[in-house]
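Trainee: Quick one: the structure is below, questions incoming.
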Amino acid sequence: TVVQQTQRVVQLNSGASAIAQYPFSKVQRVEFSAGVRRIGFDAELETLVFSPITGQLLDERREDLARPDAINMGEATAALVYDSFVFGAPSPLVGRRYRFEYSQLTGTLNYSGLLADYRRYFMPARPFTFAVRGLHYGRYGSGAEDSRLTPLFIGYQGLVRGYDFGSFDANECESIDFNTCQAFDRLLGSRVAVASAELRFPLLGLFSRKSFYGPFPIEMALFADAGMAWTSNTKPK
């Protein structure tokens with residue numbers, strides 16, 4: 001027979017919070033929030049047994065697995081926010097955006113979260129926009145790297161493009177342990193840093209003197225992304 005097993009882990013996040021904002025101007029404000037968060041878990045193993053000759057399903061079984069204890073925490077956050085960008089049809093054209101945030105979580109786990117996200121948009125020559133971004137987020141403290149917390153991942157399209165889950169094959173893993181892959185694991189950690197630069201321009205607008213975007217708002221971009229993830233036990237390099 002051919003046996004196929006799938007281990008399924010479910011994580012349920014729920015919570016409630018209150019948010020207060022105080023504006024200093026039209027573009028800058030401070031934000032404060034407080035609330036509670038609960039992360040629950042469930043796990044099961046599904047086993048399917050097939051005939052190697054006909055492919056017919058011969059047996060199907062599901063069994064519950066040991067699940068981690070739920071995480072219950074109180075959370076308080078303070079942030080300084082600035083936003084002066086001018087938005088075009090598909091993306092920002094000029095301006096500046098940043099968010100500096102500190103969060104403290106206490107309860108089952110105790111750790112702090114630090115976020116610094118800065119973005120700047122220039123238009124050196126119409127209709128070209130040059131965009132740069134720098135971001136750091138990290139969990140710090142005794143509970144920051146608890147195995148129940150989902151690791152931070154920098155391979156999302158909004159962070160470092162080209163490193164999603166389908167970007168790797170077995171030849172890149174260089175490991176006899178099928179549960180680990182060094183090429184993929186280096187994108188995971190409790191602290192991340194990302195830098196990116198883009199040159200954007202409206203494709204049809206290059207050929208139109210009357211309209212910025214031309215008949216349709218189609219935007220092209222040349223970009224470069226860089227990022228790294230690390231933990232308290234590994235130094236970024």
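Quick note: the coordinates plus some simple rules give every number you see, no bench work behind them. None of these values were measured; they are calculated from a predicted model. Don't worry about glycine lacking a Cβ; one is built from the backbone with ideal geometry, like all the others, and counts go over all protein chains shown.
Trainee: Using a Gaussian network model of the chain whose springs link C-alpha atoms within less than 10 Å, name the residue from PHE216, PHE128, PHE32 with the highest mean-square fluctuation.
Mentor: PHE216
Trainee: Still on this structure, please answer the following. What does the charge count near THR129 come to, summing +1 for each Lys or Arg and -1 for each Asp or Glu among other residues with Cβ under 11 Å from its Cβ?
Mentor: +1
Trainee: Moving to a separate point now. For every other residue with a beta carbon closer than 13 angstrom to the beta carbon of TRP230, add +1 if it is Lys or Arg and -1 if Asp or Glu, then tell me the sum.
Mentor: Taking every Cβ under 13 Å from that of TRP230, the sum is +3.
Trainee: While we're on this one: Roughly how far apart, in whole Å, are the Cα centres of segment 29-43 and segment 82-153?
Mentor: For segment 29-43 versus segment 82-153, the Cα centre distance is 18 Å.
Trainee: With Cα Rg over 2.2 N^0.38 Å in mind, check (i) 1.13; (ii) 0.96; (iii) 1.33 and report the label derived from this structure.
Mentor: Comparing each candidate, only (iii) matches the computed number.
Trainee: Another one. Please compute the net charge surrounding GLU63, taking Lys and Arg as +1 and Asp and Glu as -1 over other residues with Cβ under 9 Å from its Cβ.
Mentor: Counting the neighbours of GLU63, the net charge comes to -1.
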